[in-house]
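I have placed the structure first, in the form of structure tokens, so that the comments after it can refer back to it.
The values are calculated or read from the model by the stated rules, or taken from the named source; none is laboratory data. Just so it is clear, the structure is predicted and the values come from calculations on it, not from any experiment. With ideal geometry, Cβ positions are generated from the backbone for all residues, glycine too; neighbour counts draw on all protein chains shown.
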Amino acid sequence: MIRYSIRRLLLLLITLWLLTVLMFVLHHLFPGDTLTNMSGIRQSDGVAYQQAQQHYAMPQSWLSQYWQFFLHLLHGDWGQSLVTQRGVFADIMPQLGATLELTIMAMTLSLVIGVPMGMYAAVQQRGPLDRVIMGVSLSAYSIPAFWLAQLALLLFAVKLGWAPISGQLNPLFNITPVTGSVIIDILLSDSPYRGAALKDALQHLWLPVLVLSSIPLTMLIRITRNATLDVLQQNYLRAARSRGLSESRIMVKHVMPNAMQVIVRQLGLQFSLLMSNIIIIETIFNWPGIGSSLIKSIYERDYPVMLGGLFTLAALILLVNVAVELYHAWRYPQVRKELYAER
């Protein structure tokens, strides 16, 4: 396990380093002044621009420039926004909290609903409920995320009034954002209206979480069903039935643990799919996360914010995928054995 973990962590570090190289190259390829794209300081700023030239070693070679850029990146100096003139890193941290809040809730909801429904559909194979579950999941998977989000807004927010149209929280509650997660910020605040604020935050949360969770939910239902069907055909289940074990005990002790091996392996891919769609969902629901900030920076050509958001999302996807692989290898040791046997 130690050797496997070291290999995966080294691969993660190399990939993150290559991302920094790509960011540095893009700063030179974007139109305009390279130092302005990198630091957010314009030539008209005079003394600040001259200081930035020394800090980023602009008169020197590309290698020296990259080294200074890399050191600034490690110390959290990601430049400043060309529009707001605020620090990119300081702005991204609360946005990351807001994005993680949506992502974790959506992924949890998809697992809680998708895995049991997939197993139930496998047990009821070719039955009417199996056909209904698979038909609904296939139909939901075919609907584009941006269209589903707009339909949900039109129905639940505009027509029925069950949810607010956009935002994280009613600004009248005056909750200071600390972590970016609206629920955590409310719990950390000393506002006398925390109960009402928490209720309002949940009203803002449930609709984007529901729409976002539908994306991995449909895939998890199909993956779980196929994995469960494969396990149900194994010989050790026939042996368990011949020993007189009940179907419920067989499902809990034998089917679920073995089917989860395939499901856990797919979690990293589903998280990547979730992060690619969260940009659309945050923009439609006006959620103050990295996705909506990234779209805004593209329209405004705010290159420091754009590259900072892209790097954060890419790093988050890589970290989650490596964490899933490490857990999968720890929970199912045959993964490591198969890898080393091939070598």
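One residue stands out in segment 170-211 among those that are among the β-branched types (Val, Ile, Thr) and assigned to a loop (DSSP other than H, G, I, E, B): the one that is surrounded by the fewest Cβ atoms within 10 Å (Cβ to Cβ), namely THR176.
Beta carbons closer than 6 Å, at least 6 apart along the sequence or on distinct chains, pair a first residue in segment 245-262 that is closer than 14 Å to LEU220 by Cα with a second that is among the small types (Gly, Ala, Ser) and in a helix (DSSP H, G or I) for ALA259/ALA227; VAL262/ALA227.
Scan segment 283-322 for residues that are assigned by TED's automatic domain parsing to the domain that holds LEU148 and under 12 Å from the mean Cα position of the chain (by Cα) and the total you get is 3. Is there a residue in segment 323-343 that is within 14 Å of the chain's Cα centre (by Cα), part of a helix (DSSP H, G or I) and not assigned by TED's automatic domain parsing to the domain that holds ASN37? For segment 323-343, residues within 14 Å of the chain's Cα centre (by Cα), part of a helix (DSSP H, G or I) and not assigned by TED's automatic domain parsing to the domain that holds ASN37: present. Selection of segment 11-60 for residues being touching a Ser or Thr at 6+ places or on another chain (Cβ under 8 Å), farther than 23 Å from LEU310 by Cβ and loosely packed, with under 15 Cβ neighbours inside 10 Å yields only GLN43.
Table: residues versus (1) surrounded by fewer than 18 Cβ atoms within 10 Å (Cβ to Cβ); (2) under 29 Å from the mean Cα position of the chain (by Cα).
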site: TRP67; (1), (2): yes, no
site: GLN85; (1), (2): yes, yes
site: VAL112; (1), (2): yes, yes
site: MET117; (1), (2): no, yes
site: ALA122; (1), (2): no, yes
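Here the condition is being part of a loop (DSSP other than H, G, I, E, B) and modelled with pLDDT under 90; of GLY161, GLY118, GLY135, it holds for GLY161 alone.
Considering LEU63, LEU26, the condition of being in contact (Cβ under 8 Å) with a residue 40 or more places away in the chain and out of contact with any strand residue (DSSP E or B) (no Cβ under 8 Å at 6 or more places or on another chain) is satisfied by LEU26 alone.
Conditions tested, residue by residue: (1) more than 30 Å from LEU35 (Cα to Cα); (2) in contact with a helix residue (DSSP H, G or I) (Cβ under 8 Å, 6 or more places away or on another chain).
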| residue | (1), (2) |
| --- | --- |
| THR224 | yes, yes |
| TYR236 | yes, yes |
| SER242 | yes, no |
| GLN261 | yes, yes |
| GLY268 | yes, yes |
| LEU273 | yes, yes |
| ILE290 | no, yes |
| MET306 | no, yes |
| ALA314 | no, yes |
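When segment 317-334 is filtered for residues that are polar (S, T, N, Q) and either surrounded by fewer than 17 Cβ atoms within 10 Å (Cβ to Cβ) or farther than 15 Å from LEU12 by Cβ (or both), only GLN334 remains. Selection of helices (runs of 4 or more DSSP H) fully inside segment 238-308 by the criterion of at least 3 residues being among the hydrophobic types (A, V, I, L, M, F, W, C) and crowded, with 18+ Cβ neighbours inside 10 Å returns 256-284.
Would you confirm whether or not segment 71-89 contains a residue that is free of Cβ contacts under 8 Å to residues at least 60 places away in the same chain, part of a loop (DSSP other than H, G, I, E, B) and in contact with a His (Cβ under 8 Å, 6 or more places away or on another chain)? Within segment 71-89, not a single residue is free of Cβ contacts under 8 Å to residues at least 60 places away in the same chain, part of a loop (DSSP other than H, G, I, E, B) and in contact with a His (Cβ under 8 Å, 6 or more places away or on another chain).
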